[in-house]
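To start, the structure under review is shown below, and the notes come after it.
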């Protein structure tokens, strides 16, 4: 088995898009389902590009979004073995990792692949402040903590379907 460090990252730019990422790599991402994966493939072009419209509002072309960065990790034969999907947020001055995955044969418990992905993002030509503010969501925080990530002060909240809205009074603890 080749060393994961021998693989190279190659950025996907239009007309290449997310559809080049093998489905099994997306299926390995914890917390996303088949419906979400189908949507990623269906809207890949919209995720990675902006429409260019003429004066009549007709789409006449598309240009790449500079805020979206998708790179595949490939071996020397150009077989895709992993990917990372990041978005640059100038308002929060951060890099947000939408997802990353690598072929199971290269996964290990020591976090080597995750560290390699983070090092790749830090190698990009982006402001240093953003390199020091890399964020992601996960359902496996322990895996990220093992490689030096910490839990954010911000907490992701969800509004569930069919929930009646209630305003609850704060308790005495504030």
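The values are calculated or read from the model by the stated rules, or taken from the named source; none is laboratory data. Given the structure is predicted, the values throughout are model-derived calculations rather than measurements. Virtual Cβ from ideal backbone geometry, glycine too; neighbours counted across all protein chains shown.
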**Request:** Please find, among 37, 47, 76, the residue that is touching a residue at least 24 places away in the same chain (Cβ under 8 Å) and in contact with a helix residue (DSSP H, G or I) (Cβ under 7 Å, 6 or more places away or on another chain).
**Result:** 47
**Complete:** Residue hits (the stretch 65-94; over 19 Å from residue 138 (Cβ atoms), exposed (fewer than 15 other Cβ atoms within 10 Å of the Cβ) and touching a strand residue (DSSP E or B) at 6+ places or on another chain (Cβ under 7 Å)) are 67
**Residues located in the stretch 134-150, provided they are surrounded by fewer than 10 Cβ atoms within 10 Å (Cβ to Cβ) and touching a helix residue (DSSP H, G or I) at 6+ places or on another chain (Cβ under 9 Å)** = 150
**Message:** Quick check on the stretch 98-133: of everything there that is buried (at least 19 other Cβ atoms within 10 Å of the Cβ) and under 14 Å from the mean Cα position of the chain (by Cα), which residue is modelled with the lowest pLDDT?
**Reply:** 114
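Which residues, taken from the stretch 1-30, are part of a helix (DSSP H, G or I) and either buried (at least 17 other Cβ atoms within 10 Å of the Cβ) or over 14 Å from the mean Cα position of the chain (by Cα) (or both)?
Within the stretch 1-30, 4, 5, 6, 18, 19, 20, 23, 24, 25, 26 qualify.
Each row is one residue, and each column tells you yes or no for (1) assigned to a helix (DSSP H, G or I); (2) in contact with a strand residue (DSSP E or B) (Cβ under 6 Å, 6 or more places away or on another chain); (3) over 26 Å from residue 37 (Cβ atoms); (4) touching a residue at least 60 places away in the same chain (Cβ under 8 Å).
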| residue | (1), (2), (3), (4) |
| --- | --- |
| 96 | no, yes, no, no |
| 105 | yes, no, no, yes |
| 108 | no, no, no, no |
| 121 | yes, yes, no, no |
| 125 | no, no, yes, no |
| 135 | no, yes, no, no |
| 139 | no, no, no, yes |
| 142 | yes, no, no, no |
**Any chance residue 15 is out of contact with any strand residue (DSSP E or B) (no Cβ under 6 Å at 6 or more places or on another chain) and more than 25 Å from residue 131 (Cα to Cα)** = yes
